[in-house]
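The structure under discussion appears below in the form of structure tokens.
The values are calculated or read from the model by the stated rules, or taken from the named source; none is laboratory data. Model, not experiment: these values are computed from the prediction. Because the Cβ atoms are built from the backbone with ideal geometry, glycine has one as well, and the counts that use them run over all protein chains shown. SASA here: full protein model, heavy atoms, side chains in, ligands and nucleic acids out. Shrake-Rupley method; radii C 1.70, N 1.55, O 1.52, S 1.80 Å.
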Amino acid sequence: MTGAIEVVRAGALTTVQDAGRIGWAHLGVPRAGALDAPSRRLANRLAGNPADAALLETTATGCAVRPDRPVVAVVGGAPCRVTVDGRPVAWGTPVHVPAGAVLDAGPAVQGLRSYLAFGGGLLPEPVLGSRSADLLSGLGPAPLRDGDVLPLGHGASLPAAPDTVPWPGAPAELVLPVRLGPRHTWFTDQALRTLTTATYRVSPHSNRIGLRTEGPALTRAREGELPSEGMVLGAIQVPPDGRPVVFLNDHPTTGGYPVVGVVDEAALAGAAQAVPGTRVRFVSAG
């Protein structure tokens, strides 16, 4: 049975995300997709969906929705209080939400981004093969507002079989493995030592485009700017203030500031859950 969900409380920033818009960078289209990919896959699995089904990604304050049909829902990612019509229900496991009831995922207790998966997945119109919202290009559905309605796919009306799994916790310290290049020679030897020995902190100006850091500036060995060149997920770009910025899913596909190194993609799920002020250490990936 298909149906829809109505947004009762949109929260600070809630978007529809799936596995992302992969394969279009040559046309200037960013990747997008859920920042915390392991949480996206696990929430979908518990809801009985394919791993790449579209779900909701919240930021800090959670959100509340009302389905017009019975639905299995899973709230995962950042831990939060979950209620159905004001009654507490389990976080991180499938729950039954009756038609017309309000599922409320509260503010994150730890971490930053929670994920709401619904049996059957969300079905906004795909753009270039993905239903993900992209904050940089504006492709895909816009960030949710109160009163928005999203189509819901066919799914079971009862919770899936019990499935106990560990959810990764939010990092107390974010450790990011780095491979130097391609423009590390634009920085002094001391700057490269600083990158892998100093402690940085997550800046409150971070977003889905990039994780900005606060800490010691990296000193250039040469002046000038590069012609724009391709940027990849996890690239550590260094703007004029010298503070590293780690590119996340909505990053631009080209840029002119030098990239001192690239963070392994597997480490970026932790970056998705690192709240402002979290300690960040860049370490050599070997």
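Some values worked out for this structure:
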quantity: Dipole moment magnitude, nearest 20 debye, the chain about Cα centre, only Lys, Arg, Asp, Glu C-beta charged; calculated: 440 debye
quantity: Spin-label model distance (nm) - residue 220 vs residue 193, 7 Å beyond Cα toward Cβ; calculated: 2.3 nm
quantity: Segment 107-156 and segment 1-50: distance between their alpha carbon centers, rounded to Å; calculated: 5 Å
quantity: Per residue accessible area of the chain, 1.4 Å probe, in Å²; calculated: 42 Å²
quantity: Rounded percent of accessible protein surface that carbon and sulfur make up, the chain, 1.4 Å probe; calculated: 56 percent
quantity: Potential extension, residue 84-residue 26 segment - 0.36 nm per residue separation minus Cα distance; calculated: 16.5 nm
quantity: Matching label, Cα extents along the principal axes in Å computed from the structure shown, candidates (1) 83, 46, 37; (2) 70, 54, 37; (3) 62, 37, 30; calculated: (3)
quantity: In Hz, Karplus ³J(HN,Hα) per residue of segment 186-196 (6.51, -1.76, 1.60; θ = phi - 60°; x = Gly, Pro); calculated: 7, 10, 5, 4, 5, 4, 5, 5, 4, 4, 9
quantity: Probe 1.4 Å, all protein chains present, accessible-area order of 14, 199, 194, 185, largest first; calculated: 185, 199, 194, 14
quantity: Relative contact order (%) - the chain, alpha-carbon pairs under 8 angstrom, separation at least six; calculated: 22 percent
quantity: Karplus (6.51, -1.76, 1.60) ³J(HN,Hα), θ = phi - 60°, over segment 241-253, in Hz, Gly and Pro reported as x; calculated: 6, x, 8, x, 10, 8, 6, 10, 4, 8, 5, x, 7
quantity: Nearest-10 value in Å² for the accessible area of residue 214, using the 1.4 Å probe; calculated: 90 Å²
